[in-house]
Amino acid sequence: MITDIDKKVKKLPKEKKRIFNKIFRVSVTKGKLVPPKEMYSWIKRNFESVRFVKTQKIVKIDNIITNEGTLFNWLRSKRPIQKAKEMPDLSKEDPFCTPLKLTPADSFGRIKGKYCVTASNIAKYDGLHGLIIFKNHNPLEFNKEQVADYINTAFKWFKAANKEDKKAIYPFLMWNCLWRSGASIIHGHMQLNLTRKRHYNKIEFLRKAAKKYKGNYFNDLFDIHKALGLGLEYKGVKVIANLTPVKEKEIILIGKKMNDNLKEAIYKTVRCFIDKMNVQSFNLAVLMKPIANVKGWEDFPFIVRIVDRGDLTAKTADIGGMELYAGDNVVSSDPFKVANILRRCLK
């Protein structure tokens, strides 16, 4: 369990422990409380045991290179959450079902894939902001060939967008699946951005942090996760159940190129999310170097981050003031359990 991470680190070989301490800091604390006896039956019904609630072990892990931090308490997964009475209809048609008539094209036209077509975002948050609209309406239904086609079409869009604006060279690809992830339309789609002058802030910060690190940050990050049982390789792609997840069940994929192996790893990971981890809504982002040669970006790999956004019927948000203003993520899922399921999916 992640709450035993301090004990697991102590058992690492000396060199692995040194690398861990270059990247991470772990602190363990106990939260204590005294519930009135009138609460006991409610506590037992929701949290199994009064003893579990009275003394709670909380683990905080900080990545001191990237300034990402996560607070783990498995008990939070037991919290009673209010849910909607009915699940919204995922089959209801929307404008993306007839994209050529009901979505705008980019100024440089549309790009058609075998299983998708591009559109321009009607309410942009950057100058070049497009969409990959899937032919399949249900965003949870897709196969390996379709995912590869979506990604291939995205890179054709980046190339076409760059022809439109030569100064726009910093690409970002994201897949927001269903409303918990921030998607405003049910129909399956990805979003694309190509921005100017510098990369988006978190990507730029990661590049600079990795550059300052003494050694190869991404290799060390994978090696320490692998040593703890949280990392594996799939056809040359490094796969990590993140020790400092931004939210529930976060997985990171690292590849040198956006090749068939990385596309397959993306497909298998997302399908594992849906089919084996009961994920209904997720965010996927592809972090990558500029599409033109820019000094300092030479060794930056393709990094894919995928995170669960929770139950579609939940009435509560999955982020709050801690994530927005303290900068520490509060997580209930256990990366070790995520890694065990993922290992079976990526055989």
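Answer with a single label: of (i) 15.5; (ii) 22.0; (iii) 18.9, which was calculated as mean projected area of the Cα convex hull in nm² from the structure in view?
(iii)
Using label points projected 7 Å from each Cα along Cα→Cβ, tell me how many nm separate residue 79 and residue 60, to one decimal.
With each label placed 7 Å out from Cα toward Cβ, I get 1.8 nm.
Which cysteines does the chain leave without a neighbouring Cys Cβ under 4.7 Å?
Among the cysteines of the chain, those whose Cβ sits 4.7 Å or more from every other are 97, 116, 177.
How high is the FRET efficiency from residue 29 to residue 278, r the C-beta distance, R0 30 Å, rounded to 0.05?
Plugging the Cβ-Cβ distance into 1/(1 + (r/R0)^6) gives 0.50.
To the nearest 20 Debye, how big is the dipole of the stretch 94-347 about its Cα centre, given +1 on the beta carbon of each Lys and Arg and -1 on that of each Asp and Glu?
Numbers: 42 positive and 25 negative charges, 166 e Å.
That gives the stretch 94-347 a dipole magnitude of about 800 debye.
Output the relative contact order of the stretch 94-347, whole-number percent, from Cα pairs under 8 angstrom with separation of 6+ residues. Numbers along the way, then the final one.
On the way: 459 pairs, mean separation 45.9, N = 254.
Value for the stretch 94-347: 18 percent.
With a/c under 1.5 counting as rounded, go ahead and sort the stretch 237-327 into rounded, prolate or oblate using the C-alpha gyration tensor (a ≥ b ≥ c being the square roots of the eigenvalues; past the cut-off, prolate if a/b is larger than b/c, else oblate). Present the calculation step by step, with values, prior to reporting the outcome.
Values: a/c = 2.65, a/b = 1.45, b/c = 1.83.
The shape class here is oblate.
Of 128, 284, 186, which is farthest along the charge dipole of the stretch 94-347 in the positive direction, counting Lys and Arg as +1 and Asp and Glu as -1 at C-beta?
Working it through, the farthest residue towards the positive pole turns out to be 128.
Applying 1/(1 + (r/R0)^6) with R0 = 35 Å to the Cβ-Cβ distance of residue 45 and residue 325, what FRET efficiency is obtained, to the nearest 0.05? Can you show the working numbers first?
Values: r = 33 Å, r/R0 = 0.94.
According to the calculation, E is roughly 0.60.
What is the local net charge at residue 165, summed over the other residues whose Cβ is closer than 14 Å to its Cβ (Lys, Arg +1; Asp, Glu -1)? Don't skip to the end; give the middle numbers.
Values: positive: 124, 159, 163, 166, 167, 196, 197; negative: 106, 126, 164.
It works out to a net charge of +4.
At a threshold of 8 angstrom on Cα-Cα distance, excluding pairs fewer than six apart, so keeping six or more, what relative contact order does the stretch 246-347 reach in percent?
On the way: 123 pairs, mean separation 40.6, N = 102.
Once divided by the residue count of the stretch 246-347, the mean separation gives 40 percent.
What does the net charge come to around residue 317 if you take all other residues with beta carbon closer than 15 Å to its beta carbon, with K and R at +1 and D and E at -1? List each step's numbers first, then the result.
Details: positive: 76, 79, 83, 180, 247, 309, 315; negative: 248, 308, 311, 318, 323.
After counting each charged neighbour, the total is +2.
If the reach is capped at under 22 angstrom between alpha carbons, list the lysines near residue 167, excluding any in the same chain fewer than eight residues apart.
124, 156, 159, 197, 202, 208, 289, 295
Taking other Cβ within 10 Å of each residue's Cβ, how do 313, 29 sort, fewest first? Before the final figure, lay out the partial values.
On the way: 313 15, 29 11.
Placing the least packed residue first, the sequence is 29, 313.
What is the Å³ per residue value for the convex hull set by the Cα atoms of the stretch 130-205?
Details: hull volume 7.6 nm³, N = 76.
Spelled out: Cα convex hull of the stretch 130-205, divided by residues, is 100 Å³.
Can you tally the net charge around residue 264? Count Lys and Arg as +1, Asp and Glu as -1, for every other residue whose Cβ sits under 12 Å from the Cβ of residue 264. Don't jump to the answer; show the numbers that get you there.
Details: positive: 144, 235, 263, 268, 271; negative: 145, 260.
That works out to +3.
Each reported figure results from applying straightforward, stated rules to the coordinates on display, with no laboratory input. Keep in mind that what you see is a predicted model, and the values were worked out from it rather than measured. Quick reminder, even Gly has a Cβ in these numbers, built from the backbone with ideal geometry, and neighbours come from all protein chains shown.
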